[in-house]
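Here is the structure we will look at.
Read-outs: derived from the displayed coordinates by stated rules, not from any lab. Computed from a predicted structure; not experimentally measured. Because the Cβ atoms are built from the backbone with ideal geometry, glycine has one as well, and the counts that use them run over all protein chains shown.
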Amino acid sequence: MCLSDTHSKHDAYKDRVPSGDVLLHAGDFTKMGNLQDVEAFCSFLDTLPHKHKVIIAGMSFRIAQSEISLTVYFAGNHDVSLDEPFYATEWKKFRHPERLDSQNIVKILNQHCVYLQDSEITIGGIRIFGECLL
């Protein structure tokens, strides 16, 4: 199953996501990358029955790969807090009350999924590679 562009509207999808072995999310899971949206996304992931949940980096994200678990995530252009170099200088434009720690966001995600950034994982003999393409 592949999803993308859920834009913090996970509750609208939770009963409509078919079960399967692998869930891929192809980015834009938040509206503007705030911590509450990330935590809500992680709670949404936890409700899904898929054995593997896969998330891969997208756009220009440059975050160091964290420890791999069972889910892989694709960050999109709305997940701005994951684009550490961009977010470091532009965070105020997104009306965040304070600058978020991009590496902490990745740690939170990795408690619920695998975040691929210029790296790969093999699931059931299928290689999944996540790379940022500008």
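Please enumerate the residues belonging to region 2-44 that are of a type in the set (Ser, Thr, Tyr), touching a His at 6+ places or on another chain (Cβ under 6 Å) and not in a loop (DSSP other than H, G, I, E, B). Working first, answer last.
Filtering region 2-44 for residues of a type in the set (Ser, Thr, Tyr) gives 4, 6, 8, 13, 19, 30, 43.
Applying the additional criterion that residues be touching a His at 6+ places or on another chain (Cβ under 6 Å) yields 30.
Across region 2-44, there are no qualifying residues.
What is the residue count in region 10-31 for residues that are touching a strand residue (DSSP E or B) at 6+ places or on another chain (Cβ under 6 Å) and farther than 27 Å from Arg127 by Cβ?
0
Go over the candidates Val17, Val54, Val22, Val38 one by one and state the one that is among the β-branched types (Val, Ile, Thr), closer than 20 Å to Tyr87 by Cα and either crowded, with 16+ Cβ neighbours inside 10 Å or touching a residue at least 12 places away in the same chain (Cβ under 8 Å) (or both). Give the steps one after another, and end with the answer.
On the way: Val17 fails: closer than 20 Å to Tyr87 by Cα; Val54 fails: closer than 20 Å to Tyr87 by Cα; Val22 fails: closer than 20 Å to Tyr87 by Cα.
Sole residue among the options that is among the β-branched types (Val, Ile, Thr), closer than 20 Å to Tyr87 by Cα and either crowded, with 16+ Cβ neighbours inside 10 Å or touching a residue at least 12 places away in the same chain (Cβ under 8 Å) (or both): Val38.
Residue pairs, Cβ under 9 Å, 6 or more apart or interchain, first in region 102-126 and within 19 Å of Phe29 (Cβ to Cβ), second in a helix (DSSP H, G or I) and among the hydroxyl-bearing types (Ser, Thr, Tyr). List them.
Pairs found: Ser102/Ser81; Ser102/Tyr87; Ile105/Ser81; His112/Ser43.
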